[in-house]
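The values are calculated or read from the model by the stated rules, or taken from the named source; none is laboratory data. The shown structure was predicted, so the numbers you read here are calculated from the model rather than taken from an experiment. As a convention, Cβ positions derive from the backbone with ideal geometry for all residues, glycine included, and neighbour counts pool all protein chains shown. Quick note on the areas: whole protein, heavy atoms, side chains included, nothing else; ligands and nucleic acids left out. Shrake-Rupley method; radii C 1.70, N 1.55, O 1.52, S 1.80 Å.
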Amino acid sequence: MIPDHIWLSVALGLYFAVMLLIGYFAYRKTSGHEGYMLGDRGLKPWVAALSAGASDMSGWLIMGLPGAIYVAGLIEGWIAIGLTVGSYLNWLIVAPRLRAYTEVSRNSITLPSFFENRLRDRTRLLRIVSSIIILVFFTLYVSSGMVAGGVFFQSAFNGDYLTGMTLVTVVTLAYTLFGGFLGASLTDVVQGLMMVVALVIVPVAAIIAVGGPGEAVTLIRELHPSHFNLFGGTGLTSVTLIGVLSGLAWGLGYFGQPHIVVRFMALRKPAEARSARRVGLAWQVIALSGAVFSGLVGIAFINRFGIDLADPETVVLLMSQTLLHPLVAGLVLAAVLAAIMSTFSSQLIVCSSALVEDIYKVLKKSPPTERRLVTLGRVCVLAVSIVAALLAVNPNDSILGLVAFAWAGFGASFGSIIVLSLYWRKLTNWGALAAMVVGAVTVFLWNRAEGGIFALYELLPGFAFALLTAVIVSLLTYSHDEEIQAEFTEAESMVAA
């Protein structure tokens, strides 16, 4: 009889091996700086869609969201609704235009370079400030992935937090360091498929274990009658309204996430955004639904079998280990790692591009060689990982809390600017710069305040204030530029064609 821990180790070992092999394959296919940072704009629609979804849904999808549903019920499901709507709109209105415009505007391969080229910012401030914002919020985001890796190993193997965090970090670093953007994107595809399969298998197995859907619903209603109410147990009060708006506001964040929109920029052509949108939305609906059902069914399962659940964010891990064959459970656990590592790797690449493409190349007087740029890109991936690891050694927030703050930071800082840059001819560099600063500062200050209106998710006021600032300052500083207007028209024509 093979012990359970051997099966689990085999499954995880197999998963790690596949990730490293894909990273090696991507390394052999990657040549040059643009290839390392953007895959030479060669992503197929389904690859871009699954990669965007997997890099979006970090460890919070299988740990944070089910845990929130387990504790509070469907009122936390507004996050899933907001994300689904936001993702659809992002693919619909941002993806095709951003793909076209970044190519037309001096072949911009990063968001900061696009902002500078699109708005003809000769001060270079827009590029540098946006890069700094990316580094600050992504270091926190990467740190959340490391925290999730450590918590995962604690829960799944009763292991040491630091050992688990280090293992996840080292393997992710290995395929990202050498495979670059292509390595991150191809591993995302495998990881995205693993995540969605796990989020179908686990809740279905749990429902069967407790006696079927009817028995599961009865148990949940007995324990938490309000958990099936989208507005909680008190009805639509001011507090509930803030909760609903906060959940829906997550969708606004999509417009400003560098690690997601960079997939749009890497598509082969703008027209492929349509088929990618269909694949991406289908994946997202299944994954988010599975996460919500897992949280709800977990209540019935934990109660029926009298299990002591110390951390609600580990409910999916516990159910998979209890219900499934150790090898299958190991693959589900690997899917949890996939959720963590897919986002982790994508964020490292964006941080690296910000440091190399948008800070080093701006400050460097003589143009560096392609080989030096690729080497520097890898060094920067390593440097960001070290800083994030130091922050993750003693985590002081939940996985969902860390992700929520970083998500709000990007959505507020970049979301309105990206949409305006693609659809409004009069956006100026000063309007974009002011909006970026206002969005980031609002998120930091709002997050620190407590009570009343400050219970509202900081992304919503941050996005609104940034949008208002961008419009007002742009109208005050606008002057006609024939080159900008011609470029805007060319990008529109490229999308229309």
Pick from region 335-383, criterion open to solvent by 60 Å² or more (accessible area, probe 1.4 Å) and of a type in the set (Val, Ile, Thr), ranking: modelled with the highest pLDDT: 379
Whichever residue in region 458-497 is charged (D, E, K, R) and either assigned to a helix (DSSP H, G or I) or in contact with a Gly (Cβ under 9 Å, 6 or more places away or on another chain) (or both) and, among such residues, is most open to solvent (accessible area, probe 1.4 Å): 482
For residue 158: the one exception among (1) in contact with a helix residue (DSSP H, G or I) (Cβ under 9 Å, 6 or more places away or on another chain); (2) under 19 Å from residue 340 (Cβ atoms): (1)
Region 226-238 - residue that is open to solvent by 20 Å² or more (accessible area, probe 1.4 Å) and among the small types (Gly, Ala, Ser) and, of those, modelled with the highest pLDDT: 226
Residue check, residue 241 under 18 Å from residue 455 (Cα atoms), open to solvent by 70 Å² or more (accessible area, probe 1.4 Å) and in a helix (DSSP H, G or I): yes
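Test residue 282 against the criterion of being closer than 26 Å to residue 262 by Cβ, open to solvent by 10 Å² or more (accessible area, probe 1.4 Å) and out of contact with any helix residue (DSSP H, G or I) (no Cβ under 8 Å at 6 or more places or on another chain), and give yes or no.
yes
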Tabulated pairs, region 114-137, first closer than 25 Å to residue 405 by Cα, second part of a loop (DSSP other than H, G, I, E, B), C-beta under 8 angstrom, 6+ apart or interchain: 114/105; 114/108; 115/121; 127/121
Count of residues meeting criterion [touching a residue at least 12 places away in the same chain (Cβ under 8 Å) and open to solvent by 10 Å² or more (accessible area, probe 1.4 Å)] in region 16-32: 10
Close pairs (7 angstrom Cβ cut-off, 6 or more residues apart or separate chains): at pLDDT 85 or above in region 307-333, open to solvent by 40 Å² or more (accessible area, probe 1.4 Å) and not in a helix (DSSP H, G or I) anywhere: 318/307
Failed criterion for residue 191 (all others in (1) open to solvent by less than 10 Å² (accessible area, probe 1.4 Å); (2) more than 24 Å from residue 318 (Cα to Cα) hold): (2)
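Inspect region 246-255 for any residue being more than 14 Å from the chain's Cα centre (by Cα), farther than 18 Å from residue 44 by Cβ and open to solvent by less than 10 Å² (accessible area, probe 1.4 Å) and give the result as yes or no.
Restricting attention to region 246-255, the residues satisfying the condition of being more than 14 Å from the chain's Cα centre (by Cα) are 246-249.
When the remaining residues are screened for being farther than 18 Å from residue 44 by Cβ, the result is 246-249.
Subset that is open to solvent by less than 10 Å² (accessible area, probe 1.4 Å): 247, 249.
Yes.
When residues of region 285-295 are filtered for being closer than 9 Å to residue 203 by Cα and crowded, with 22+ Cβ neighbours inside 10 Å, how many remain?
Of the residues in that region, 4 qualify.
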Any hit, region 208-219, residues being of a type in the set (Val, Ile, Thr), modelled with pLDDT of 90 or more and either under 18 Å from the mean Cα position of the chain (by Cα) or crowded, with 24+ Cβ neighbours inside 10 Å (or both): no
Residue list for region 170-188, filter: open to solvent by 10 Å² or more (accessible area, probe 1.4 Å) and either basic (Lys, Arg) or touching a Ser or Thr at 6+ places or on another chain (Cβ under 6 Å) (or both): 173, 182
